[in-house]
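Comments concern the structure below.
Every read-out reported here was derived from the displayed coordinates using simple, explicitly stated rules and does not represent laboratory data. Model, not experiment: these values are computed from the prediction. When we count neighbours, we look across all protein chains shown, and the Cβ atoms used for this are built from the backbone with ideal geometry, even at glycine.
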Amino acid sequence: MNDQQGSNRISSGVIAAVSAAVVAVGGGVAWLASNQSPTPTNPSQIITQPKPPAITQPAQEQRPSVYWLKPNATSFDLVPQPVEVAATQPNQVLESAFQALLDGPTEGTDSTTIPQGTKLLGLKRENDEVHVNLSDNFTTGGGSASMIGRIGQVVYTATTLDPNAKVYIEVEGEQLDVLGGEGVELQQPLTRESFEQNYPL
């Protein structure tokens, strides 16, 4: 009788152990199944995550500024005015900025020394260079201070997307080497740094 009861106890222990093993294995299989991504064979079953909207360029690069002259105690300062443009390509952005520059300031005490009637004949931005082609009105009127002011306005507006860019100024398709009757010599290419060094306002 005792042997039979002992035999029963062993059988119960074996059953409990086997049951525990089955539960453990079953749980492991369930865990593996839940953590594996089945590859659907039907393309219609593939769920793709929506792509985030494409970021064109940082806002600062795409929001250009035009530069006006603001009088200070002894001369002028070049001051930026951000302009809204609908364009997305760098060439178009700069063209829009130059159109605003050539139209002249609309408010405040800012001024321009770029002669009225100056037109943008062409603009090309390649790598770190900006080529600006202006009509011959750009070279008329004013003394050396006026000439230097308008050069600064062109250089700073042309480099609004890349402050380190090199600027080439052309008039009617020809590189401008001397500006105005007083003979302001241009050492091209021009940069913001070279303008500050060579053409103090």
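Label separation (residue 196 vs residue 86): 3.7 nm, computed from points 7 Å beyond Cα along the C-beta direction.
Going by Cα centres, the stretch 123-194 and the stretch 87-121 are how many Å apart? Comparing the Cα centres of the stretch 123-194 and the stretch 87-121, I get a distance of 13 Å. Overall, the stretch 71-201 carries a charge dipole of about 100 debye about its Cα centre when +1 sits on the Cβ of Lys and Arg and -1 on the Cβ of Asp and Glu, all other atoms neutral. Rounded to 0.05, the FRET efficiency of the residue 73 and residue 129 pair, given R0 = 30 Å and the Cβ-Cβ distance, is 0.25.
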